[in-house]
Every structure is written in C-alpha cells, then in structure tokens.
Ligand code: ADP
Ligand code: MG
C-alpha cells in the first residue's frame with residue numbers, strides 16, 4: 001500500500017501551465033520530499049495527488065487504481081494540515097476522533113484508535129485538553145494524530161513545520177522521522193527547506209518551475225547533482 005505513480009501529469013490554471021508533463025514513482029513505505037523554491041509547484045503537486053485539484057492531463061495511479069476514478073476521500077491518503085486547522089473548542093481527544101466520528105465509527109472503536117494514536121505521539125496525558133492549552137509542537141502532533149487514526153496508505157504533509165520556531169522545527173523533524181520508522185507508511189513531505197529534505201528523505205524530488213530537476217537519495221543529490229541548480233540548492237560544493 002502507498003504505491004503512487006504519476007504518469008505524464010500536467011496542471012494548468014487558465015493559460016498557465018504550472019506542471020509540465022511529469023512522471024514520478026513513489027514506492028510503498030518511502031519517505032519522499034518535494035523540495036524547491038516558493039512557487040515551483042510543490043503544493044499543486046501534492047494537491048493533485050490528494051485529489052484536491054484535478055490533473056489537466058495524464059493520470060495518477062494509487063495502489064493500482066486509477067485515481068481519477070476515485071474521489072479524494074476514498075484515495076486512502078491523509079493530508080496533514082498545519083496545527084491551526086484544529087478545532088479550538090474541542091478537546092484533543094475529540095479533535096483526533098473527528099474523522100472517525102465523521103466516518104460513523106462506534107464509540108468504543110473511536111476510543112481505541114484515538115488512544116493508540118495518542119500513545120504513538122506522546123499525547124496520552126493531554127487528551128482532555130483543548131488545543132489552546134498545548135504547545136506548538138503538541139498541537140502539530142494532534143494534527144498528525146488526526147491523520148493517523150484514518151490509517152492511510154500515505155501521509156501528505158505540506159510544509160507542516162513552517163509555523164514553528166527553529167528549535168521546535170528540529171524536534172518535530174525528528175519526531176516525524178521516528179513516526180515514519182514506526183508506521184512504515186509512505187510519506188510525501190513538501191518543504192522549501194533543504195535541511196529538512198536532506199535529513200528526512202529516502203528520496204528527494206527537486207522541483208523548479210514545475211519541472212523535476214532531479215530525483216535521488218540525499219547522498220546521490222549531494223555527490224552527483226545533475227546541474228548547477230540542484231548543486232546550489234542542495235548546497236554541495238560542485
Ligand atoms: P509552491 O507550493 O511550490 O510554493 P504552488 O504549487 O503553490 O507552489 O504554486 C505553483 C504555481 O501555480 C505558482 O505560480 C502559483 O501562483 C500557481 N497557482 C497555484 N494555485 C493556483 C490557483 N488555484 N490558481 C492559479 N494559479 C495557481
Ligand atoms: Mg506551497
């Protein structure tokens with residue numbers, strides 16, 4: 001599960017093509033980082049995979065199914081939003097349970113899944129608090145918890161740490177990497193931060209103006225950047 005193939009996909013807004021024909025293979029369990037400067041199309045690409053935008057042409061296959069025929073909610077993917085997407089009037093427990101309640105799961109099953117997610121995220125002692133009574137990092141973990149309970153085949157993160165201060169960002173980076181090692185679920189992580197890309201990714205996709213400049217492991221990009229843009233962006237001396 002969590003095998004995603006992009007086959008010659010394009011995306012235009014009006015006359016402007018922001019994603020030229022693009023191919024990409026994301027393997028089961030991989031931690032893939034889309035990195036590139038602001039406006040290069042990272043969020044658009046993630047939204048196309050999530051089904052929040054429709055491709056203009058080409059197709060996306062998720063676990064063998066043509067995604068165009070599968071509505072966003074049925075794709076088995078969970079988008080992790082920034083922590084401010086939490087409901088301020090609801091407890092942590094209710095925030096995490098929210099997608100399960102929407103799906104009509106019974107109370108006992110909701111409780112079991114919420115408590116399992118809270119345990120993975122070290123939130124067990126905070127379940128009855130409201131988001132306003134938590135630190136920035138804890139709030140971000142609640143947002144992740146809301147994705148975990150859905151047991152997705154892939155997690156999609158769009159710059160989840162950009163609101164946090166530098167020290168907390170380093171912590172959360174480690175926590176998300178650990179979570180990936182625990183769950184072994186495919187994760188697609190969008191960032192404009194090269195350090196995040198280099199420290200978290202199994203596979204980095206370097207984007208510029210909608211084009212893939214290079215795909216490779218952090219070491220491959222560092223030692224054999226394909227061009228000056230990749231070299232400059234990844235920060236190797238070449
Ligand atoms: P990134 O996430 O890498 O900063 P985006 O995917 O948000 O980049 O944007 C890529 C390009 O597509 C930008 O030029 C942006 O202005 C444009 N764009 C994104 N969404 C829309 C939209 N809904 N309508 C028109 N243009 C858009
Ligand atoms: Mg973006």
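Using the alpha-carbon atoms, what tilt in degrees (0 to 90, nearest 10) does helix 166-183 show relative to the longest principal axis of the chain?
Approximately 80 degrees, to the nearest 10.
Quick one: work out the % antiparallel among DSSP beta bridges in the chain, nearest 5.
Taking every DSSP beta bridge within the chain, about 50 percent pair in antiparallel fashion.
Is region 114-166 rounded, prolate or oblate when judged by the Cα gyration tensor, a ≥ b ≥ c being the square roots of its eigenvalues, rounded requiring a/c under 1.5 and prolate requiring a/b larger than b/c?
Numbers: a/c = 2.29, a/b = 1.01, b/c = 2.27.
Oblate.
Between residue 27 and residue 115, with labels modelled 7 Å along Cα→Cβ, what's the label distance in nm to one decimal, could you check?
3.8 nm
Counting other C-beta atoms within 10 Å, which of 221, 168, 86 has the fewest, and how do the rest follow? Intermediate values should be presented prior to the final figure.
Numbers: 221 28, 168 15, 86 23.
Fewest to most other Cβ atoms nearby, the residues stand as 168, 86, 221.
According to the square roots a ≥ b ≥ c of the eigenvalues of the Cα gyration tensor, what is the shape class of region 42-195, taking rounded for a/c under 1.5, prolate for a/b larger than b/c otherwise, and oblate for the remainder?
Taking the square roots of the gyration eigenvalues as a ≥ b ≥ c, region 42-195 is oblate.
Which part of region 109-144 falls in the paramagnetic zone of residue 167, meaning amide N under 14 Å from the point 7 Å along Cα-to-beta-carbon?
136-137
Decide, for region 58-138, between rounded, prolate and oblate: order the square roots of the alpha carbon gyration tensor eigenvalues as a ≥ b ≥ c, take rounded if a/c falls under 1.5, and otherwise choose prolate if a/b is larger than b/c, else oblate. Could you put the intermediate results ahead of the total?
Working: a/c = 2.47, a/b = 1.85, b/c = 1.34.
In terms of gyration-tensor shape, prolate.
Quick one: order 19, 96 by neighbouring beta-carbon count within 10 Å, fewest to most.
Lowest to highest Cβ neighbour count: 19, 96.
Please arrange 212, 62 by how many other C-beta atoms lie within 10 Å of their C-beta, fewest to most. Intermediate results must be reported in sequence, preceding the final value.
Working: 212 19, 62 23.
In order of increasing Cβ crowding within 10 Å: 212, 62.
Give, in nm to one decimal, the length gained when the segment between residue 193 and residue 107 is fully stretched (0.36 nm per residue of separation minus the Cα-Cα distance).
Length gained between residue 193 and residue 107: 26.9 nm.
Bear in mind these aren't lab numbers, they're just calculated from the coordinates by the rules spelled out. For clarity, every value in this text was computed on a predicted model and none was experimentally measured. All Cβ positions, glycine included, derive from the backbone under ideal geometry; neighbour counts span all protein chains shown.
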